[in-house]
Ligand code: FE
């Protein structure tokens, strides 16, 4: 009888140990995935790395990006895919405001630098600040092009060409899905 009681107690403690271990593993995997990054943007609850104010460089694994981005954005931003011309929401958009990286929130372009094109992708003649985007040589598809990536998270945004309008002569040809537009706040009316 004493032996059975001792056995039952041992089984109980083993079970408690196993449950505790499994709970710890769950917590650890969550911590690794989210990397304790501060996230305050309520419009992007699935992406804890999104911020329109933090310009700190982001280096995340492909697996993490796949988890926090939509499948369509993930394919463009992390695998360099290109959306179909005239299919995106910004190619002919004329709102006044800023365009941010859809993957991380980094501010990239101002609407003042956007110009009308017939190429089917939103196009800008300059970035909002020199380091808001970075450039990479792209020799894919038998062409020599300059790829444009986000200066904060290195997301693929599109390419830049030398056939743009003044004052820069550049044409930043971007994927709409890689951008998010933030409309300027209306300035308060002055009292008469
Ligand atoms: Fe980014």
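Details
- Any chance residue 160 is farther than 15 Å from residue 101 by Cα, in contact with a strand residue (DSSP E or B) (Cβ under 8 Å, 6 or more places away or on another chain) and surrounded by 14 or more Cβ atoms within 10 Å (Cβ to Cβ): yes
- Among residues of segment 105-131 being out of contact with any helix residue (DSSP H, G or I) (no Cβ under 9 Å at 6 or more places or on another chain) and assigned to a loop (DSSP other than H, G, I, E, B), the one that is nearest to the ligand (Cβ to nearest atom) is 105.
- Which numbered condition residue 96 misses (of (1) closer than 26 Å to residue 65 by Cβ; (2) away from the ligand (no atom under 16 Å from the Cβ)): (1)
- Segment 132-157: number of residues that are over 16 Å from residue 98 (Cβ atoms), out of contact with any helix residue (DSSP H, G or I) (no Cβ under 7 Å at 6 or more places or on another chain) and not in a loop (DSSP other than H, G, I, E, B): 13
- Residue match in segment 158-167 (condition: in contact with a helix residue (DSSP H, G or I) (Cβ under 8 Å, 6 or more places away or on another chain) and either modelled with pLDDT of 95 or more or in a loop (DSSP other than H, G, I, E, B) (or both)): yes
- Criterion violated by residue 97 - all others in (1) out of contact with any helix residue (DSSP H, G or I) (no Cβ under 6 Å at 6 or more places or on another chain); (2) at pLDDT 95 or above satisfied: (1)
- Some residue of segment 93-100 being outside any loop (DSSP other than H, G, I, E, B) and under 27 Å from residue 137 (Cβ atoms): yes
- Residue within segment 53-68 that is modelled with pLDDT under 90, in a loop (DSSP other than H, G, I, E, B) and crowded, with 17+ Cβ neighbours inside 10 Å present: no
- Any hit, segment 46-59, residues being in contact (Cβ under 8 Å) with a residue 40 or more places away in the chain, touching a helix residue (DSSP H, G or I) at 6+ places or on another chain (Cβ under 7 Å) and within 16 Å of the ligand (Cβ to nearest atom): yes
The values are calculated or read from the model by the stated rules, or taken from the named source; none is laboratory data. Source: prediction; values computed, not measured. Cβ sites come from the backbone with ideal geometry, for glycine too, and all protein chains shown count toward neighbours.
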